[in-house]
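Each reported figure results from applying straightforward, stated rules to the coordinates on display, with no laboratory input. Quick caveat: nothing in here was measured; it's all calculated off a predicted structure. Every residue, glycine among them, receives a Cβ derived from its backbone with ideal geometry; neighbour counts consider all protein chains shown.
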Amino acid sequence: MRSIEGVGIGLKHKHLQQFIDNKPDVAWLEVHTENFFSQDSTAAKYLAKISQYYPISAHCVGMSLGSATTKCPIREQHLQRIKNTISWLQPSLLSDHLSWSGTENGHYLPDLLPIPFTEEALDVVAKNINHAQDVLQRQILIENPSSYLTYIDSPIAEWQFLSSLIQETGCGILLDVNNIYVSAHNQGFDALEYLANIPVDAVKEIHLAGYSIDNIEGQEVYIDSHGHKIYDGVWRLYEQVIKRFGVLPTLIEWDTNVPELSVLLAEKKKAEAIILKVVNAEKVMNDQAFL
Amino acid sequence: MTKLAELQANFFKDCLSGTLTADNTTMSKDIDSHLISAQGLMGIYQHSALANITTSLSLTFPVVEKLVGDDFFAQVCRQYILAHWPISANMDDYGDSLPQFLAELEQVKQLVYLKDVAKLEWLFHQSSLAKDSKYFDWATLAGVAPTDTLKLNFILAPSVALIKSTQPINKIWQMNQDNAPQNIELSIDGETDTFIVLFKRGLKTEMMTITASEFFLLQSLFNGLNFEQTIEAVMASTATMGADTSIDNILKKHMELGVICGFSI
């Protein structure tokens, strides 16, 4: 299993051939695990070749760790499929979301739905993460959610909820900067306060993405659409993230209206420039302190 | 039911409710709606879930989407999703009943080929996900005693799918691919049967039109008939068996292609 460093991009089907043919200069790649469940599928064969040249992070969307049912046959089957996939893919990192998708009656919503931050939910999510880590035999990173609504009964702050999960399960954090930015706007909290309360050592990966803006009943709602370039506000917040958490593997995510690869590579360069800026500034400060 | 389970059941119910109003939004008692109404907020999630599933169906049925247009495809998907909600997070499993759903839609009744094109796309999708098979073991076959030949059960590769249609769905499919050839002649008269086999070769799934004899032979093998029963079934199904479509030739061709991947006695 190779270590992951620097800035990676999400590997999309339309770019598979380019990665086989040209091996573009990218530090690592992230894939949605669910897209490669069939090891003999055409896409999985491409990925197997590509993974010979690039470290891979496997990002899941279907564990439904916030589902109230702690054991459900369909989710167990899903976990087994993830286990099969990571056994041949050998990803350096494995992650899913602080969200739910499946209900008790076996229905599935293909979305990352918000959970209320209650003691009951904390207990459920912790059990589900522990179970997933037991089945998969490795640590998983939990991604902070983007949210458009606030539950009336949700007494625990999101960052406190995440911190408690880290303590109870030993999971890590995949810090999605865009999600913090989007949720801070939609729910009216302070993104910097959020960052200040996330345990530094728990963060193992960072996501950057673009959002879209919907006008609903006269209010601007930021939608985590992953279909745009990264906004300036998110880049500024990313700079703060690097300052607080250090240089961590950073992903450029783009899942809808996927553009040409060159657009993703340009976003990657922007992230690298910010990392360099922060690292150089810290070096100057350290040098001055030394003198 | 726990409080969290009840909340999630209500959330799901709202996503499945079609048009949300102040009266029918179950989640209104659970979410802060001082800036945007509960139905407005739940509408974001409903829209997002439907869009995600529609995108998945669009990836599986790209030709159907081209044939009916993006807007109508999205409308049909919405109706289909609300009637057949996914039960698994693996969206590769989702959409098997869309061909039949399309066949029952009044608005596309005149597109007589649509159901079979959708069926072709579904089988193509499934074929591309199927397990690989080994190459045919010619040496072992050569060692089979002549007296045992009729008892052989030939095995089709896991990626093989067969489809018969009264419409030229192979040509319709080809015409709607990127970089499709310009000179495809199409006649939708419903009078000529089209027989197709799908199978994986290397990295790609291939679509090949075959004769009626080939189709019935492969279908017999698919149904588990042994070689003797297969011969009887093919003879019964096809009126003519010319020299170029002899059973030996058909078998050899499909063994070489990898459609038939093995045998047992």
Magnitude of the charge dipole, region B:1-111, Cβ model with Lys/Arg +1 and Asp/Glu -1, debye to 20: 120
Once the dipole of the protein assembly as shown is set up with Lys and Arg at +1 and Asp and Glu at -1 on Cβ about the Cα centre, which of A:Ala44, A:Ala289, A:Ile223 lies farthest towards its positive end? A:Ala44
Percentage relative contact order, region B:1-111, counting C-alpha pairs under 8 Å, at least six apart: 18
Note down the relative contact order for chain A as a percent, whole number, built from C-alpha pairs under 8 angstrom at least six residues apart. 17
Would you mind checking the tilt of helix B:3-15 against the longest principal axis of the Cα atoms of chain B, expressed as 0 to 90 degrees and rounded to 10? 70
Least to most buried among B:Phe154, B:Phe61, by other C-beta atoms within 10 Å and fewest first, runs B:Phe154, B:Phe61
Give the residue from B:Phe263, B:Ser17, B:Leu35 lying farthest towards the positive end of the charge dipole for the protein assembly as shown; charges sit on Cβ (+1 for Lys and Arg, -1 for Asp and Glu) and the dipole is referred to the Cα centre. B:Phe263
Evaluate the charge dipole of chain B about its Cα centre and quote only its size in Debye, nearest 20, assuming +1 on the Cβ of each Lys and Arg and -1 on the Cβ of each Asp and Glu. 380
Only helical DSSP H runs with n ≥ 4 go in: add -39500 (n - 2.57) per run for chain B, normalise by residue count and round the 222 nm mean residue ellipticity to 500 deg cm²/dmol. -14500 deg cm²/dmol
Over the whole of A:209-221, what's the average partner chain Cβ count within 10 Å per residue? Rounded to a whole number, please. 2
When the Cα centres of region A:263-291 and region B:188-230 are compared, how far apart do they sit, in Å? 61
For the modelled label position 7 Å from the Cα of A:Asp123 along Cα-to-Cβ, which residues of region A:55-84 have backbone nitrogen atoms closer than 14 Å? A:68-70
I need the peptides A:113-121, B:126-134 ranked by packing, meaning the mean over residues of other C-beta atoms within 10 angstrom, with the highest value on top. A:113-121, B:126-134
Prolate/oblate/rounded label for chain A (Cα gyration tensor, a/c 1.5): rounded
Given N residues in the protein assembly as shown, what is its alpha carbon radius of gyration divided by 2.2 N^0.38 Å? 1.11
Between 0 and 90 degrees, rounded to the nearest ten: what's the tilt of helix B:70-83 against the longest Cα principal axis of chain B? 80
For B:Asp96 and B:Thr19, what is the calculated FRET efficiency with R₀ set at 30 Å and r taken between the beta-carbons, to the nearest 0.05? 0.60
Return the average number of partner chain Cβ atoms within 10 angstrom of each residue Cβ along peptide B:83-94. 6
Computed label-point distance, nm, for sites A:Ala196 and B:Lys66 using a 7 Å Cα→Cβ extension: 5.6
Translational diffusion of region B:1-152, µm² s⁻¹ [Kirkwood Rh, Cα pairs; Stokes-Einstein; 10 °C; 1.306 mPa s]: 84
When the helix-only estimate is applied to chain A (DSSP H runs of n ≥ 4, each -39,500 (n - 2.57), divided by the residue count), what is the mean residue ellipticity at 222 nm, nearest 500 deg cm²/dmol? -13500 deg cm²/dmol
Output the 0 to 90 degree angle, nearest 10, between the alpha-carbon long axis of helix B:247-257 and the longest principal axis computed from the alpha carbons of chain B. 50
State the three equivalent ellipsoid semi-axes of chain B, derived from the C-alpha gyration tensor as the square roots of 5 times its eigenvalues, in descending order and whole Å. 47, 23, 15
Per-residue Cβ counts within 10 Å, from other chains only, averaged over A:49-59: what number is that? 0
Inter-label distance for B:Ser264 and B:Lys164, nm, one decimal - labels placed 7 Å from Cα along Cα-to-Cβ: 2.6
With charges only on Cβ, +1 for K and R and -1 for D and E, what is the dipole size of the protein assembly as shown about its Cα centre, in debye, rounded to 20? 1300
First select every other residue whose beta carbon is under 12 angstrom from the beta carbon of A:Lys49; then total the charges, Lys and Arg +1, Asp and Glu -1. +1
Can you tally the net charge around A:Leu149? Count Lys and Arg as +1, Asp and Glu as -1, for every other residue whose Cβ sits under 10 Å from the Cβ of A:Leu149. -2
Chain B: relative contact order from alpha carbon pairs under 8 Å, six or more residues apart, as a whole percent, is 17
Local electrostatic count, A:Ser262, Cβ distance below 14 Å [Lys/Arg +1, Asp/Glu -1]: +3
Could you give the length gained by full extension between B:Arg201 and B:Glu232, i.e. 0.36 nm per residue of separation minus their alpha carbon distance, to one decimal place? 8.2 nm
Region B:131-265 shape via C-alpha gyration tensor axes, a/c threshold 1.5: oblate
